[in-house]
Amino acid sequence: MNTITTKDGVTIFYKDWGSGQPIVFSHGWPLSADDWDAQMMFFLGHGFRVIAHDRRGHGRSSQTAGGHDMDHYADDLAALTAHLNLKNAVHVGHSTGGGEVARYLGRHGESRVAKAALISAVPPIMVKTAANPGGLPKDVFDGLQAQLAANRAQFYRDLPAGPFYGFNRPGAKVSEGVIQNWWRQGMMGGIKAHYDGIVAFSQTDFVPDLKKITVPTLVMHGDDDQIVPYADAGPLTAKMVKNATLKSYKGFPHGMCTTEASTINADLLAFIKT
């Protein structure tokens, strides 16, 4: 397996396929690089080099007890890009991975980066605060942690079967395979990483990071996102990033990279080639 070891001794698994301009994919909570299957195959077929890693504590990476915060996530991503000596890369992040990309750019700069795409992403900040009155109350995220701690296996069945992919909506085309694949990826990771990760994705303030980003950035968000509500995420992020374009998708769910892969892939390709 392809792995790197971080300066604090964590083993990070990654996939690195093809050649050409690199596209680096950062996955959502609590999944793995496998969540990018539809994008990895598509862009590999279009002549790009595609790279995706399992975040620390997730997938095939070390189930470490600590370091489950955005600074460590960004530092791990920076270590990977340095190890592979990537240049002119496009960074694509979904959900928590969008926060990882934003923090990576804010913390490590843009010298290796050409463009970025934030898909259904958690920035600017998810939790409700005085400065973010449209956010979700903290007890929502406390509830997620409680469900995780009580019965992770059942929680990881209910989330994809319901709001993550919009399968709880009337008339939705439910895919049992997609649900089971989400469960498989989630259960591969460590419960401590996933428990702490809820705080990382919900309480991190990405506003300073977003204001530092200058590379062309595509912000993609579905208006029926039941995990990262549209109004307090995509539009606000697009306003804060200097060179951002907001692309909204009517009726698309949080997991639209999977359920609406053909649309998302086509729009990403057009953005990268522009």
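Computed values, structure above
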read-out: Cut-off 14 Å, label 7 Å out along Cα→Cβ of LYS192, residues of segment 1-35 by amide N; value: 9-11
read-out: Rounded D (µm²/s) - segment 17-80, Kirkwood Rh over Cα pairs, Stokes-Einstein at 20 °C, 1.002 mPa s; value: 172 µm²/s
read-out: Cα principal axis extents for segment 1-141, largest first, Å; value: 46, 31, 28
read-out: Sites VAL140 and SER175 - FRET efficiency at Förster radius 41 Å, r taken between beta-carbons, to 0.05; value: 0.95
read-out: Max mean-square fluctuation residue, GNM over the chain, Cα-Cα springs under 10 Å, options THR245, THR129, THR11; value: THR129
read-out: Fluctuation leader among LYS15, LYS242, LYS250 - the chain, Gaussian network, Cα springs under 10 angstrom; value: LYS250
read-out: Carbon and sulfur %, accessible surface of segment 52-109 computed with the full protein complex present, 1.4 Å; value: 43 percent
read-out: Violating pairs (Cα-Cα greater than 19 angstrom) within the set LYS115/LYS250; LYS15/LYS247; LYS211/LYS242; LYS87/LYS242; value: LYS115/LYS250; LYS15/LYS247; LYS87/LYS242
read-out: Per residue solvent-accessible surface (Å²) - the chain, probe of 1.4 Å; value: 39 Å²
read-out: Added length on full extension, which subtracts the Cα-Cα distance from 0.36 nm per residue, HIS83 to LYS212; value: 44.0 nm
read-out: Evaluated at q = 0.07, 0.09, 0.10, 0.14 Å⁻¹: base-10 log I(q)/I(0), Debye formula over Cα of the chain; value: -0.21, -0.35, -0.44, -0.93
read-out: Heavy atoms of HIS46 accessible to a 1.4 Å probe, total area in Å² rounded to 10; value: 90 Å²
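The values are calculated or read from the model by the stated rules, or taken from the named source; none is laboratory data. Since this is a predicted model, take the numbers as computed values, not measurements. We place every Cβ from the backbone using ideal geometry, glycine too, and count neighbours over all the protein chains shown. The area values use the complete protein model at the heavy-atom level, side chains included, leaving out ligands, DNA and RNA. Shrake-Rupley method; radii C 1.70, N 1.55, O 1.52, S 1.80 Å.
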